[in-house]
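Each value in this text was obtained by applying a stated rule to the coordinates, not by laboratory testing. Every value quoted in this text rests on a predicted model; they were computed, and no experiment measured them. With ideal geometry, Cβ positions are generated from the backbone for all residues, glycine too; neighbour counts draw on all protein chains shown.
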Amino acid sequence: MIELRTPAEIDAMRPAGRFVASVLLAVREAAKVGVNLLELDALAHHMIREAGAESCYIDYHPSFGGSPFGKVICTSVNDAVLHGLPHDYVIVDGDVVSIDFAARVDGWVCDSAVSFVAGTPDPEDLRVITATEEALDAGIAAATVGKTIGDISAAIGDVAESFGYGVNLDFGGHGVGREMHGDPHVPNDGRPGRGYKLRDGLVIAIEPWFMRDTDQIFTDADGWTLRSVDGSRGAHSEHTIAITEEGPIVLTSRDG
Ligand code: MG
């Protein structure tokens, strides 16, 4: 079921968006060469406790997950591209790090992800990160009242194609509200004009993720982490947005 939010409800989601943004900024700042992924999870956990927020991940146990997630952030490094389960790993120079984070504040959830390189970047890694960022921007720009989910999907897919990246449709964006995942599904490729017509008050997460040389993934032995089948590196960019008559509002903006 697709739920629409009133302007007051969208305003009530802003603290969750600001909190999620603040955690991603802090984790990104902390994610230097030599830092353990478990330290990043501990930092986010500390911030959740300090803020009186609630993790959406720690007890998360969907049908595709091997066990309850048990951590509060996803840390996907290099060939891991989504759902990376934080583990005892120390970041090395040139690693591509993707952090995905969702939390509930005052009963409302926001969800966002960012990718970056720790230390010295490989230009090809920066390129795939840039592609996901540009695809996210294009998806947000298409998220206006009267357009459709297919318009958002097509905008994302067009950016992927322009960079020469394939799109895996197994995981995509989703409705966000009281829970982390709701309707509608927002695929990362599709046809303009198709699907649900966007209405004032629809709140969704848009989350393009691409890999350098493949569109195929497999699940790591940890039961969670999704890796590219060929070892190529990937990136992931995500924001939670509210679609309004005045245009899209990026609830998880990190621009201050
Ligand atoms: Mg997310």
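Looking at residue 166, is it out of contact with any Pro (no Cβ under 9 Å at 6 or more places or on another chain), within 16 Å of the ligand (Cβ to nearest atom) and in a loop (DSSP other than H, G, I, E, B)? So residue 166 fails the test.
Restricting attention to the stretch 4-24, and to residues there that are β-branched (Val, Ile, Thr) and in contact with a Phe, Trp or Tyr (Cβ under 7 Å, 6 or more places away or on another chain), which single residue is farthest from residue 201 (Cα to Cα)?
Residues of the stretch 4-24 β-branched (Val, Ile, Thr): 6, 10, 20, 23.
In the following step, the residues that additionally are in contact with a Phe, Trp or Tyr (Cβ under 7 Å, 6 or more places away or on another chain) were identified as 20, 23.
Working: 20: 20, 23: 25 Å.
Applying the filter and picking the extreme gives 23.
Residues in the stretch 135-165 that are under 29 Å from residue 31 (Cα atoms), surrounded by 19 or more Cβ atoms within 10 Å (Cβ to Cβ) and without any contact (Cβ under 8 Å) to a residue 60 or more places away in the chain: 138, 156, 159, 160, 165.
Summed over the stretch 1-25, the residues that are assigned to a helix (DSSP H, G or I) and over 16 Å from the mean Cα position of the chain (by Cα) give a count of 9. Note on the stretch 169-256: enclosed strands (runs of 3 or more DSSP E) holding 2 or more residues that are within 16 Å of the ligand (Cβ to nearest atom) and either more than 27 Å from residue 86 (Cβ to Cβ) or under 17 Å from the mean Cα position of the chain (by Cα) (or both) are 173-175, 182-186, 202-206, 209-211, 234-236, 239-244. Look at (1) farther than 28 Å from residue 211 by Cα; (2) surrounded by fewer than 13 Cβ atoms within 10 Å (Cβ to Cβ) and you find that residue 53 fails only one, number (2). Of a type in the set (A, V, I, L, M), within 16 Å of the ligand (Cβ to nearest atom), under 30 Å from residue 53 (Cα atoms) and assigned to a helix (DSSP H, G or I): is that true of residue 156 in this structure? Here the answer is no, as residue 156 does not meet what is asked.
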